[in-house]
Amino acid sequence: MEFSHPLNSFSAPRDPSPSLSVKDESMDQEDIIATVLDFIEMEGTDDAAFNNVALKLFAYQFKNNEPFMKFARKRGKTPRTVKSWKDIPAVPINAFKTMNLSCSPIEEAEAIFMTSGTTLGGVRGKSYHPVLDIYDASMRRNFRDRFMGRYERIKMGIVFPPPSLMPNSSLAHYLDLAVRDFGINNSRHLMSASGIEFTHLFEDLAEAEQTNQPYALLGASFSLVHVLDEMARIGHTVVLPSGSRILDTGGFKGQSRELQQDEFYNCLETAFGVPRSHCINMYGMTELSSQFYDDGNISCPSVKSGPHWLRTRVVNPLTGESIPDSQTGILAHTDLAHFNICTTILTEDAGVAIDNGFQLIGRAAGIEAQGCSMAVDEFLKAASGT
Amino acid sequence: MNERACHLPGLDPTTLDWETLLFDKSGWDLKIDVPVITGPDVQSLAEHIRRHTRQTLATYPVRRIVEIIDKAIARLLDRDDPYRRRMEEVLPAITGYDREMLRLGLTQYLKSFRKPELQRFLAEDFPNPAILDQFQPLAKGGHGLAFGPEICAHIWAGNVPGLPLWSLVSGLLVKSGTIGKVPSAEPMFATWFAKLLSEIEPELADCIAIAWWKGGEEDAENELLAEADIALAYGGNEALSAIQSRIPITTRFLAHGHKVSFSLIGREAMDAEKCAVTARLVAYDVARYDQHGCFSPHVIFAETGGTVAPRQFAQFLAHELATLERKFPRQPLSIPEASSVADWRNAEELVAGAEVVGDTDGAWSVSYLENEDGFRPSALNRTIRVVAVDDLASVPIRAARYKRLLQTVGIAVSPQRLLSLSQDLGAAGVTRIAAVGDMTAPEAGWHHDGRFNLSDLVRIVEIDGRAFAAADRLAPYAD
C-alpha cells in the first residue's frame, strides 16, 4: 500500500514513467564536460542558455546518479516535470554526508573533496570529481575576473597548507591553482605541517615594500587572524604597494578569535596597508565546483555574486520557493560546474538577495527552542552525556 | 501604544533606562517596553520585597492567600475582564500561537488554579496544610511549622503562555516573596498576574517583583542569586548549569531542564472504531503549543496487531494534523525554525529511511518508521515520528537510555496494561503518564518533573517532641 495522503504534496505523486521516456537526450560524461566547458568560456550568456545547460545536467544526473534520482523522484521531480533550473530539487548539504552522490564510479574519482566534519558526529560531506578540468576552468576564469584586477600574475603568499598536506581539501586545491596559475615565480605557500611560517611571510612582505611590487596575500580567514595576532604581538605593520590585495575565505570556524567583519577588515587594512576595497572575501563550499566573490569590503556585509554559470536563489527551506528581495531566507545555489553530483544545493546559510547578488547573514542553524521542549541538538548532546 | 512589562515595587520607573522588545513574527509589529535593571536595583528590590513580605504576606493564613489567587483566576477566566482581554489580544502577537488555540488553552490552564485546585496543590504536599500557618503535630512526634523562603527567585524561559504561573502560585502559597525574571520571548503574563494580584490585594504589590534583563546578563542575575533563599530556573541544560555555577552553595536550586515526551498507542486503541479518535487526541497533543512544551510528544510508538496497522495509524494522524491546521494554524516560522523543520524532514528521509508526509508549506509532517530504536526528538512545530513496535513493553527499555531527559508519556492502552506499563516507564525515568489528548494539560498539583511543587520550597522548623515534656517541668503549674 502506498503511504500517501490526500493532502500530501511533500512527497508529490510519483512519476511512473522511466527516466528516459521523454526522448533520450541523455549525454555521456564527455559530452557533458564539453558542454559545461563551452558554457564557462562563453561571453554574454542569457537565461535561456543557462536553463538549457541546467536541464541537460539535471537529465544527466538523474540518469546516472541513483541516490540523486531517488531523492528527486520523491519530490516528484523528473526530467519530464522539471522545466526550469529553478525546479531542480535542491539537495541539502547534509545529504553529502550520508549518500554517495556521484554520476561516475566513486573509486575512479580524480579528487574527493571533503568538508571538515564539524557536525553530524564528525561525518564528512564528500564531493567526488572524476576529473578536475571543469573545477579548474571554473576557478581560473572566475578568479581572474574577480580577484586579479588588471594583473595577469602577481606575487602571492598562501596562508594555507598545500594540497600535499590536505589532499581532500577543496580550498587547498583552489589556493594551489591560484598560486600556480596566477602567481609569479617566487610566490609560495606560507604554511606547512608545523604551522604558519612567519619568517617567510615577513621576508616576503618586506621585499614587496622594498621593490614596490604589488603582493597578494590569500588564506583562510582564521589563518589571517593568526597572522594579525602575531603581527600585533610583535608590533609589526607594513604598507604594501598599491595594487596589493588580500583574499580571505571560510570564516573563523572556532579556529581563531571570532572577529566582527568590520573589525577584521579594519585590522587587515591597518596591518598590511591594503585598503578594504582590495580585501576580497571568497565564499565557496566543498559541495560546489565554483566560488562567489565580493567586490571588496568597504562596507559589511558585502554583496557576493558568482559567475554566469552559478546562480543563487534565496528560498524558504521548507517550500523551496523564492523569497522576495531584501528578506532573509536560505541560500540555494545552482552551479553548472558541479556536473558530477547535482547542480543545485540547499545550504545552511541564511542570506538576503540584493543587487544581483546576495548578502550572507550567517548560519541558519543553532536555534534554541522557545518553549521547554528539547531541540534536536540539545537532545543529542544531553543523551550522549548520560 | 507600547505594552509595558515588569513590576518593580520600590523602584522609580522614571530613573530606569527602558528598552523596547519587538514582536513582529505574526506580522503584528507589537512593541513591549522593558526596564533595564542593574545589580544595585536588584539589591534594593530584594530589600523592599523582603521587608514587605515579612510584614504582610508571611503573616497571612494560607486560606487567605488561596482566596486572593482564586479571585485573580476568576477574573482571568472572565472573558470580559480587561486583563483577560489583553491576554487574548496580545499573547498571540507575542508567541505566534493561534489565537483560538491560545484562548482555549488559557481557559483550560487557568482552571487548574481555582480554589478547589489550589487546595489540592496544598493537600498534595502537606497532609495538614495548616502547617504553613502554625505549629502542627507531626506524625513522628513533636510539632512542625513550614516556612517559605523570604525571597524566591524565579528565572523563567520560553514562550509557553502562562508557564510562570506554576512557580508564582507555588511561591505565594508558601508565603514567599517573589522576584521573577521574565524571558524576552514572553514578558507579559507574569507582569499582568502581578498587577492583577496587586489590584485585588494591594499589600501584595510590594511582595512581588517582575523584572527583565537579557538572558545571562550576570550583573543583575548574580545579585538576584545572592539575595534569593531559593532559586528556581527553567531552560536548557547549558543555561541552567551557567546559573548553577553562580549560586551560593547555601541556596537551594531547583532546576527544570528541557524535557522530551512521547506516546504509546496500544493495539487495543487501533481498531477501525477507536483509531480515528485516538489519532485525533494524539494530533491535539502535537498541535497544542506547536510542541514547544516539555510535555509535548516527539515520538509516537504504535503497536502492531490491531486491526489498523501502525502505518495506517500514521495516515490517520496525518489527516488529523491537516484538519487541525485549518482549525488552529501553526505559528508562522522564522527562517531558522523553517530550516530546522526542513532539516528534520530531510534527515528522516535520508538518515532514518522513514516515509515522510506533510503539507507543502511544512505546517505539519509525519514520518513513519519500522524496525527502529525510534528515539529522536522532533524539530518541533508539528513534526512527529510514528514508530511501529511489536510490543509496547519493549519501549521503556529503549527509553531508559534517555532517563534524565524524559517527562510525560501519553498513553492509550487498556486498564490491565496501564499499571504495568506505567511501572516500567517510571523505572525508565518518565515522571508523568497521561491519557493521549491530556499530555499538554497537567492536573493541578502534579509533581512537575517528579518533584514537589510546594514542599521543595519550604523549610520545616520542628519542635522536638521531648521539648514539650521538658517545658512542662518549668510550667508555673508544675507540681
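The values are calculated or read from the model by the stated rules, or taken from the named source; none is laboratory data. Just so we're clear, the structure is a prediction, and the values are computed from it rather than from any experiment. Cβ sites come from the backbone with ideal geometry, for glycine too, and all protein chains shown count toward neighbours.
For this structure, a couple of remarks:
- Output for region A:260-297, where each listed residue is in a loop (DSSP other than H, G, I, E, B) and either surrounded by 23 or more Cβ atoms within 10 Å (Cβ to Cβ) or touching a Cys at 6+ places or on another chain (Cβ under 7 Å) (or both): A:VAL274, A:MET285, A:GLU287, A:LEU288, A:SER289, A:SER290, A:GLN291, A:GLY296, A:ASN297
- In region B:173-189, residue farthest from B:PRO161 (Cα to Cα) [restricted to those that are among the small types (Gly, Ala, Ser) and within 14 Å of another protein chain (Cβ to nearest Cβ)]: B:SER184
- Here B:GLU47, B:GLU89 are screened, and the one residue that is modelled with pLDDT of 95 or more, acidic (Asp, Glu), over 17 Å from B:LYS181 (Cβ atoms) and surrounded by fewer than 15 Cβ atoms within 10 Å (Cβ to Cβ) is B:GLU47.
- Every pair of residues 6+ apart whose Cβ atoms lie under 7 Å, when the first sits in region A:178-205 and is outside the structural domain of A:GLY157 (by TED's automatic domain parsing) while the second is of a type in the set (A, V, I, L, M): none
- Residue count for region B:185-219, restricted to those that are under 17 Å from B:HIS154 (Cα atoms) and not in a helix (DSSP H, G or I): 14
- Inspection of region B:416-429 finds a residue satisfying the criterion of being of a type outside the set (A, V, I, L, M), surrounded by 13 or more Cβ atoms within 10 Å (Cβ to Cβ), outside the structural domain of B:SER167 (by TED's automatic domain parsing) and not in a helix (DSSP H, G or I).
Residue-wise test of (1) modelled with pLDDT of 95 or more; (2) buried (at least 17 other Cβ atoms within 10 Å of the Cβ); (3) of a type in the set (Phe, Trp, Tyr).
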| position | (1), (2), (3) |
| --- | --- |
| B:ILE131 | yes, yes, no |
| B:LYS140 | no, no, no |
| B:PRO149 | yes, yes, no |
| B:HIS154 | yes, yes, no |
| B:ALA157 | no, yes, no |
| B:VAL160 | no, yes, no |
| B:PRO164 | no, yes, no |
| B:SER170 | yes, yes, no |
| B:SER176 | yes, yes, no |
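- Every condition in (1) modelled with pLDDT under 95; (2) part of a helix (DSSP H, G or I); (3) surrounded by 24 or more Cβ atoms within 10 Å (Cβ to Cβ) is met by B:GLY105 except one, and the failing one is (3).
- Neighbours by Cβ (under 8 Å, 6+ apart or cross-chain): first from region B:321-350, farther than 24 Å from A:VAL352 by Cβ; second in a helix (DSSP H, G or I) and among the hydroxyl-bearing types (Ser, Thr, Tyr): B:LEU324/B:TYR284; B:LEU350/A:THR98
- Residue count for region B:318-353, restricted to those that are surrounded by 19 or more Cβ atoms within 10 Å (Cβ to Cβ), under 22 Å from B:THR278 (Cβ atoms) and within 10 Å of another protein chain (Cβ to nearest Cβ): 5
- Screening B:HIS256 on (1) within 22 Å of B:VAL413 (Cβ to Cβ); (2) touching a Cys at 6+ places or on another chain (Cβ under 9 Å); (3) not aliphatic (A, V, I, L, M) shows it passes everything except condition (1).
- Filter result (over 25 Å from B:SER455 (Cβ atoms), within 14 Å of chain A (Cβ to nearest Cβ), within 20 Å of the chain's Cα centre (by Cα) and aliphatic (A, V, I, L, M)) within region B:196-246: B:ALA239
- Pairs, first free of Cβ contacts under 8 Å to residues at least 60 places away in the same chain and not assigned by TED's automatic domain parsing to the domain that holds A:GLY284 in region A:75-97, second among the hydroxyl-bearing types (Ser, Thr, Tyr) and buried (at least 17 other Cβ atoms within 10 Å of the Cβ), C-beta under 9 Å, six or more apart: A:LYS97/A:THR115
Per-residue answers, yes or no, for (1) part of a strand (DSSP E or B); (2) out of contact with any Ser or Thr (no Cβ under 6 Å at 6 or more places or on another chain):
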site	(1), (2)
A:SER299	no, yes
A:SER302	no, yes
A:PRO307	no, yes
A:THR312	yes, yes
A:PRO324	no, yes
A:THR334	yes, no
A:ILE345	yes, yes
A:GLY351	yes, yes
A:LEU360	yes, yes
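- Residue check for B:VAL386: within 26 Å of the chain's Cα centre (by Cα), surrounded by 24 or more Cβ atoms within 10 Å (Cβ to Cβ) and more than 14 Å from every other protein chain (Cβ to nearest Cβ): no
Table: residues versus (1) more than 23 Å from A:LYS253 (Cβ to Cβ); (2) in the same structural domain as A:GLY251 (by TED's automatic domain parsing).
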{"position": "A:CYS300", "(1), (2)": "no, yes"}
{"position": "A:VAL315", "(1), (2)": "yes, no"}
{"position": "A:THR328", "(1), (2)": "no, no"}
{"position": "A:LEU336", "(1), (2)": "yes, no"}
{"position": "A:GLY362", "(1), (2)": "no, no"}
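- Considered as a group, the residues in region A:73-132 that are part of a helix (DSSP H, G or I) and crowded, with 20+ Cβ neighbours inside 10 Å include one that is farthest from the other protein chains (Cβ to nearest Cβ), and that residue is A:TRP85.
- Lone unmet requirement of (1) of a type in the set (Gly, Ala, Ser); (2) within 30 Å of A:ILE40 (Cβ to Cβ); (3) over 24 Å from the mean Cα position of the chain (by Cα) for A:GLY157: (3)
- Residue in region B:299-311 that is over 24 Å from A:ASN316 (Cβ atoms), within 7 Å of chain A (Cβ to nearest Cβ), over 22 Å from the mean Cα position of the chain (by Cα) and touching a residue at least 24 places away in the same chain (Cβ under 8 Å) present: yes
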